[in-house]
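Written out below as structure tokens is the structure these notes cover.
Just so it is clear, none of the values below were taken in a lab; they were calculated from the coordinates. All values reported here derive from a predicted model rather than from experimental measurement. We place every Cβ from the backbone using ideal geometry, glycine too, and count neighbours over all the protein chains shown.
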Amino acid sequence: MADSHPRPTRRGFLAASGAALLGAVVAGSAGHAAPRPDTARLGDFWLFGRYDDGCTELGFDEIDLSPVQLPHCVTPLSWTGWDPASWQDRWIYRKHFTVNAAERHVARFDGVMTNASVFLNGALVATHEGGYLPFEVGLPGVVPGDNVVAVVVDGRWALDVPPNLPRGGGPSVIDFYQPAGIYRPAAIGPVPRIRLTDVFARPVDVLSPGRSLHVTCTLDAPVVAEVTASVRQAGRELAHGTAPVAGTTAEFDVGGLGAVRLWDVDDPALCDVVVTVRSGPVLLDQRTVRIGFREAEFTPGGFFLNGRRLKLTGLNRHQWYPFAGGAMPDRVQRRDAEILRRELNCTMVRCSHYPQSSAFLDACDELGLLVWEEIPGWGRIGDAAWQEQNFRDVSGMITRDRNHPSIIVWGTRVNEANGTTAMYGRTGRLARRLDPSRPTSGALASSTGARFAGSDVEVLAYNDYTARRGAPFQLRPPRAGVPYLVTETIGTISGARAYRRTDPAATQQLQAELHAKAHDLAAADDRYCGLLAWCAFDYPSGWQRSVGGSKYAGVSDFFRIPKPAAAFYASQGHPLVRPVVEPGFAWDFTASPGGPGRDVTIWSNCDRLQLFLDDRPIGAARSRRTDFPHLRYPPFAVDLVVPRGQRPQLRIDGYAGEKLVVSRRFSGDRSRDVLGCVPDDTRLRADGADATRVVVSALDRFGTLRAGTTGKVTLALTGPGELVGDPVLDLGATGGAAAVWLRPFAGPPGVLTLTARHDSLGTATATVTTSASGSADGSRS
């Protein structure tokens, strides 16, 4: 991962790693069936630099290479203003590892942006095209003693792989930047002589008392053996089944699963399927995949989960982050799913516009967040070679992720690209062959979608930008006779060009109103299966309506800090689980000396709101049920006009029934504002592959963000780790709040202390304790 700060010296960095790094075990994700060797993690220390002649050779002089940790981005980035020219080149990563015996070894890469050539001890062993799916490389030339894996990473736009369109212009012709690097985890190590390369455990007849599991196993060589699958839930075996291997495959059913608890958005009950391969008494291999029993059905009358109607509500997600591109560790990827499900109350997310991190999908499984996953691509399709890679992407995506219960639809069409009937017929047929349990679809441009919906579109999905600036918000009516899902709306097309925290309050409030209206309209008609709005987080882009290299369409900013639009989503959860009172205005008399004004909005899931100025009651807020008749929890309106010169304290009490469930205070006095410096997690693993966000913000005395604050915050980190972020944050540019990430080095446990200083807000610190690999409990602060 690249940042803008000095790194340890090459000698010191490598010395700190020691031989212990090769003993770190990669715990394969239980949620996906792609092969993961039980291996030394390659995500700790590599040597990195620009490509040079001879850099793949065993004896290459590494003096000019720098030590880095994976996941990694090839170029330093800030939080905005990314320059694609900075990563469009060839790069070299080198990793030394020691083998004690002549064993069979493989290397696995979860994602390399964009193309990769892998060398072992100077010999080319494999190439891979595309940046969003894993690939595995056999290492037949491993020798006892020192070995070197060298990976040439090609990040140039000219590569003819989805979503790149090299003959269609530069990187700005698609709506997201793609910084290069080995930006997802990687691993190397020994594997069994005969091994399971794929396990697909597909629930069958889920709503029947006779529900069962259809298991398909693939081995990498013919063998006379027997495969057993044990289905376990909450640590208890429910049933098991056995079948002989026929050549390299075994296919069989496991019955007796009537007692299994179903997976649901509110009760994501998971199962482990432990698959064991034996030849007589000899154990050849064993793998565990994680699944969930659920029935997800798209119909012309709506979406049903386990037989009950569920209106899908959600957002689109890009995988990019400030300072690091896509190169954030698993904990950070998982945090996005937590934000979407627990803080924004989404029941579904669209992985736009490519397969995303396995860690993110694992978290969706655990949290009950349904997923639309789609192949890489955006807007147009390429030549014949490009389309062949597109076809391979369909196979790779489904094979990697078909055990995830959270995934309910495969996007087998390129986003908003009409393509050809032959091309999409082929991708649709492949998807149904690999996984007959899920429908296929593709997000279609609303102006032409109905005309190009072919037999592969089992769910008709529109990116609905019918509403335009200055006109009342509207959605196209569902198309009769087919399941219908809105996969995008709003963005920067239906409203303002950008929704930044630095924009006028009316602009930010407009975004919140648009999101609420879109979901209200979808809730009004059962024929909408649901609506996934654009989008969850700001992201880097040079395409239309970008501003300075960023798209400000998110309900949360690039740092994952909520904007006013996020308050609508937060307010749609149950008040007894998480009561919400979020003003759609700033309680700040610098910009508005007379107060927020009349008919200003408060987003809340409470039944009743009582307001006070300096603890004097001023009455109740008015429900806006008439404006949003179909929302579960409509917002409130209130008049807040204050005589000039006064800066009272605002208090809002929220009631569920007659019970006071939340009381919030907001200060009008800026003189008592403070600096916040708050980590998401207070404990991390000292393995080089962990990280946590620290939010740095201007706060009033009660802890509410003061968006209009200016001035710079200087940051200093002490302890065994790195600051992933800029050492100086400009609060005036970010709207009073920003974030950085702390990433411990691999090595001995320690304490990371981040100190933030602002000229008028003072000093604040965040402390994170690191512990031995595998022992951090992920405690939230």
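Each distinct pair of alpha carbons in the chain adds a 1/r term; the inverse of their mean, the Kirkwood radius, is 27.4 Å. In whole percents, the pair-distance distribution calculated for the stretch 65-179 from its alpha-carbon pairs, binned every 10 Å from zero, is 12, 41, 30, 13, 4, 0. Partners of Lys311 within straight-line reach, counting lysines whose Cα lies under 21 Å from its Cα and excluding those fewer than 8 residues away in the same chain: Lys517. From its DSSP helices (H runs of at least four residues, each -39,500 (n - 2.57)), the chain gives a residue-normalised ellipticity at 222 nm of -3500 deg cm²/dmol. Remark: the stretch 278-382 projects, on average over all directions, an area of 11.5 nm² (convex hull of Cα atoms). Under 19 Å of direct C-alpha separation, and excluding same-chain neighbours fewer than eight residues apart, Lys551 reaches these lysines: Lys563. Each residue in Tyr465, Tyr569, Tyr528 was given a count of other beta-carbon atoms within 10 angstrom of its own, and listing them fewest first yields Tyr465, Tyr528, Tyr569. Charge dipole of the stretch 296-570 (Cα centre as origin; +1 on each Lys and Arg Cβ, -1 on each Asp and Glu Cβ, all else neutral): 340 debye, rounded to the nearest 20. Basic side chains Lys and Arg get +1 at the Cβ, acidic Asp and Glu get -1 at the Cβ, and with that the dipole of the chain about its Cα centre reaches some 1620 debye.
Quick check on the stretch 149-222: take the gyration tensor over C-alpha atoms, sort the square-rooted eigenvalues as a ≥ b ≥ c, and tell me if it's rounded (a/c under 1.5), prolate or oblate. Verdict is oblate for the stretch 149-222. For the stretch 116-274, pairs of C-alpha atoms spaced more than 26 angstrom apart make up 55 percent of the total. What is the helix-to-structure angle for 505-523, meaning the angle in degrees between its Cα long axis and the longest Cα principal axis of the chain, kept from 0 to 90 and rounded to the nearest 10? Computed tilt is about 70 degrees. Grouping the Cα pair distances of the stretch 688-781 into 5 Å bins from zero gives a pair-distance distribution of 3, 13, 24, 22, 16, 11, 7, 4, 0 percent in increasing distance order. Here Lys659 is the anchor, and no lysines lie within straight C-alpha reach of less than 18 Å, apart from those fewer than 8 places off in the same chain.
Roughly how tilted is helix 421-434, in degrees to the nearest 10 and between 0 and 90, from the longest Cα axis of the chain? With both axes taken from Cα atoms, the answer is about 70 degrees. Remark: Tyr132, Tyr655, Tyr539 ranked as Tyr655, Tyr539, Tyr132, counting other beta-carbon atoms within 10 Å and listing the fewest first. Seen from Val371, the other residues with C-beta closer than 15 Å to its C-beta sum to a net charge of -1, counting Lys and Arg as +1 and Asp and Glu as -1. Taking Cα atoms only, the orientation of helix 384-401 departs from the longest principal axis of the chain by about 80 degrees. Each of Val199, Leu213, Val275 was scored by the projection of its Cα onto the charge dipole of the stretch 196-291, and the greatest displacement toward the positive side belongs to Val275; charges sit on the C-beta of Lys, Arg, Asp and Glu.
Ordering Gln511, Ser86, Ser406 by the projection of their Cα atoms onto the charge dipole of the chain, which places +1 on the Cβ of Lys and Arg and -1 on the Cβ of Asp and Glu, puts Gln511 at the extreme positive end.
Panel order for Thr626, Thr98, by other beta carbons found within 10 Å of each beta carbon, from fewest to most: Thr626, Thr98. The distance from the alpha carbon centre of the stretch 522-543 to that of the stretch 233-257 is 39 Å, rounded to a whole number. Computed over the stretch 296-570, the percent of Cα pairs more than 27 Å apart is 34.
For the stretch 196-291, report the translational diffusion coefficient in µm²/s to the nearest whole number, using Stokes-Einstein at 10 °C, 1.306 mPa s, and a Kirkwood Rh over Cα pairs. It diffuses with D of about 116 µm²/s by this estimate.
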